[in-house]
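A.B. asks: Before I ask anything, here is the structure I am working with.
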Amino acid sequence: MAINEKLSYGADDIHILQGLEGVRKRPAMYIGSTNATGLHHLVWEVVDNAVDEALSGFGNKITVTIHKDGSVSVLDEGRGIPCGINKETGRPAVEIVFTELHAGGKFNSAVYKSAAGLHGVGASVTNALSLWCDVTVYLNGVVNHIRFENGGHLVTPLEQLGGTKRHGTLVRFKPDPTIFSTVDFKRETIAGHLQESAFLMKGVMFVLIDERTGDNQEFYCENGLVEYVQHINVNKKELTPITAFSETDENTGIDMEIALQYCSEDYNETILSYVNNVRTKEGGTHETGFRTGITRAVNDFGETYNILHGKKLDGNDVREGLTAIISLKIPEALLEFEGQTKGKLGTQEATYIVQNFIYNKFTYYLTENKELATIIIKKCLDSQAARIAARKAKDDARSVKKVKNEVILSDKLTPAQSKDYLKNELFIVEGDSAGGSAKKGRDRLHQAILPLRGKPLNTDGLSISTVMKNEEIATIINTIGAGFGQTFNIEDIHYGKIIIMTDADTDGAHIQTLLLTFFYHFMRPLITNGNVYIAVPPLYRIYKEENHKIKQEYAWDDEGLEACKKKIGAGYKVSRYKGLGEMDAVQLKETTMDPRSRLLIRVDIEDPLLAESRVQTLMGKDTTARKKWVEENVDFNEVDTFLKEVK
Ligand code: TSJ
């Protein structure tokens, strides 16, 4: 009996190590990537567990510290990870949490599960990708300690270190530099995550300590979502005050909170939704319910009070200029997620529950605030009128001046031959000389080239008419062929991929941000739909002449460079590319344009908070702030700019 137990213990051991070894072999499968984004995932896995604990009602302070030695620690004041022996395995529960994939769930008794309990992969992944991971649990008056090293190997089994009056969990880990291309934690990135959590969890204090610089920040929200909307709209012109609604559906236990505000001079809508504090980036049933509910509320109210004069508003008219945050807490039994990244709520009940909720609350709000209601409906009617006028102008322009459009284009654009639009790619290229190489090196069937002379206009804070007068911008709008602003229609785009190709230097980064700002303000669906990319040219060419033949390889980072040196062998030479202009047409094609060998970054508004504030920093009038940001945050070796995700 004893022997059998020992045997199965040993077998378990191997099983666990294989699990963590698997994480080390394919880290990207668990944390998305091994660049800066992946590195910060290690922190989210741990923080989100602490947030879960606070969400369950235990502890209202979470402290994150970036230490000088490159480690990060997270401390909460919850119940403490259970340290008792787990019957099945004969090991302490806390050990299992850090060594078995997805083990968190087994011990998680929370009603509402957040990121960690939902599709987070758990603290064991952080452990697996760390040089060391040190865990202290303050529980039942005792300090419990356990330590792992070198990718999750247990080096100090659970021990008790004496008494304590505290309760909670402290986890400190140091990422393994052989796994990540950077192990430099960014204060701004962690701050953004904590700020978002603070908005969603009112009453919980988040503290961020950066021991490297001595900076301390606190994130705390008394008013939750209202402050979130305020933060997003800080530079916009308010049309209505911020309003918040909340309710719990008795039948399902679904808890709903929505805060919203209308702004003028902004025809975009910003709707962000969360389920159990996890962002539902792809929307889902709750967003659908919200859209239907608010459109009906405005239409019914307008009809009842005779201010629509028989007109009917469509959803776009009602949502223009609207910022809304939707936060739902859904019991685990009802949770369903869909979509590629599981970022879409599938829970059917949420559709009509949210729809009825917002319909009733917003109708009541309009009825109680007649003056505001009049202002809102006037805005909706204005939006509708502008939309109709712009559409008509566009149709007229199309039918009468079709020829003229083509004349404008032929000047700068080298078009693609195919009419299969979604397969076509538009390269917006910095400089005429790179434009020339790109023209020669392109795939004529599917790739079009638009060279930019100088820098495009900074469109932040400018009106549409001013923006349109800029020739570069007008050319881009005409080329993409789907309108802009209110009449932008993603279904009309002439290119499935719009690829920004610039030099890997400060000017190139500036051009990227100018273009992204333009797309963000005037063609936002292009970004949210994932059609915008940034081309990443290689940094090095490694070559050697052998028997009158040139052997060559390209490398995008220092690691790749070393691999290429080995591959080419003794006698290699290295040239470092400073700009696209240094490549001839063949090289540019091979390295940056050919889908089989190029590297693209898909632009993605990963963090809505950062997106807004970065657009402000990068595009606002304050050029020193911008320079400082670019210098501190744009690491060209790391292929790491803003609003993005590697693909
Ligand atoms: F991610 C992690 F495991 F590393 C981690 C977990 C990190 C940090 C900073 C905190 C935590 C954590 C886990 N804080 N609090 C908890 N709570 C539990 O694990 C716990 C405690 C008691 C019970 C119970 O049912 O009695 C259930 C759970 C899940």
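All of the numbers you see were taken from the coordinates with simple rules; none came from a lab. Keep in mind that what you see is a predicted model, and the values were worked out from it rather than measured. Here the Cβ is made from the backbone with ideal geometry for all residues, glycine too, and neighbour counts use every protein chain on show.
A.B. asks: Cβ under 14 Å from residue 175's Cβ, residue 175 left aside: what net charge do those residues give with Lys, Arg +1 and Asp, Glu -1?
C.D. replies: -2
A.B. asks: Can you give the relative contact order of region 499-594 as a percent, counting alpha carbon pairs under 8 Å and 6+ residues apart?
C.D. replies: So the answer I get is 29 percent.
A.B. asks: List the aspartates and glutamates whose Cα lies under 16 Å from the Cα of residue 565, skipping any in the same chain that are fewer than 8 positions away.
C.D. replies: Answer for residue 565, where 16 Å is the Cα cut-off: 545, 546, 553, 557, listed by chain and number.
A.B. asks: In addition: Ranking request for peptides 87-96, 226-235, 560-569, 532-541: highest mean number of other beta-carbon atoms within 10 Å first, then the rest in descending order.
C.D. replies: Descending mean neighbour count gives 532-541, 226-235, 87-96, 560-569.
A.B. asks: Once phi is turned into θ = phi - 60°, what whole-Hz ³J(HN,Hα) does the Karplus curve with 6.51, -1.76 and 1.60 give for every residue of region 240-252, x standing for Gly and Pro?
C.D. replies: Here the 3J(HN,Hα) series is 10, x, 7, 10, 10, 10, 8, 6, 10, 6, 4, 5, 9 Hz.
A.B. asks: Also, I was wondering about something else. Around residue 380, what is the net charge, scoring Lys/Arg as +1 and Asp/Glu as -1 over all other residues with Cβ under 10 Å from its Cβ?
C.D. replies: Surrounding charge for residue 380 is 0.
A.B. asks: Counting only other residues whose beta carbon sits under 12 Å from that of residue 433, what net charge do I get with K and R as +1, D and E as -1?
C.D. replies: Surrounding charge for residue 433 is -2.
A.B. asks: Output the pairs from 186/573; 497/551; 311/379; 186/566 with a Cα-Cα distance over 24 Å in this structure; if there are none, say none.
C.D. replies: 186/573; 497/551; 186/566
A.B. asks: Kindly identify region 425-571 as rounded, prolate or oblate by the Cα gyration tensor criterion: order the square roots of the eigenvalues as a ≥ b ≥ c, call it rounded if a/c is under 1.5, otherwise compare a/b with b/c, prolate if a/b is larger, else oblate.
C.D. replies: Because a/c hits 1.5 or more and a/b exceeds b/c, region 425-571 counts as prolate.
A.B. asks: With the crude spin-label approximation of a point 7 Å out along Cα→Cβ, what separation in nm comes out for residue 433 versus residue 565?
C.D. replies: With each label placed 7 Å out from Cα toward Cβ, I get 2.9 nm.
A.B. asks: Residue 440 label point, 7 Å along Cα→Cβ, cut-off 16 Å on backbone N: hits in region 567-585?
C.D. replies: 580-585
A.B. asks: In this model, which of 237/370; 412/589; 439/567 are farther than 23 Å apart at the alpha-carbon?
C.D. replies: Checking Cα-Cα distances, 439/567 exceed 23 Å.
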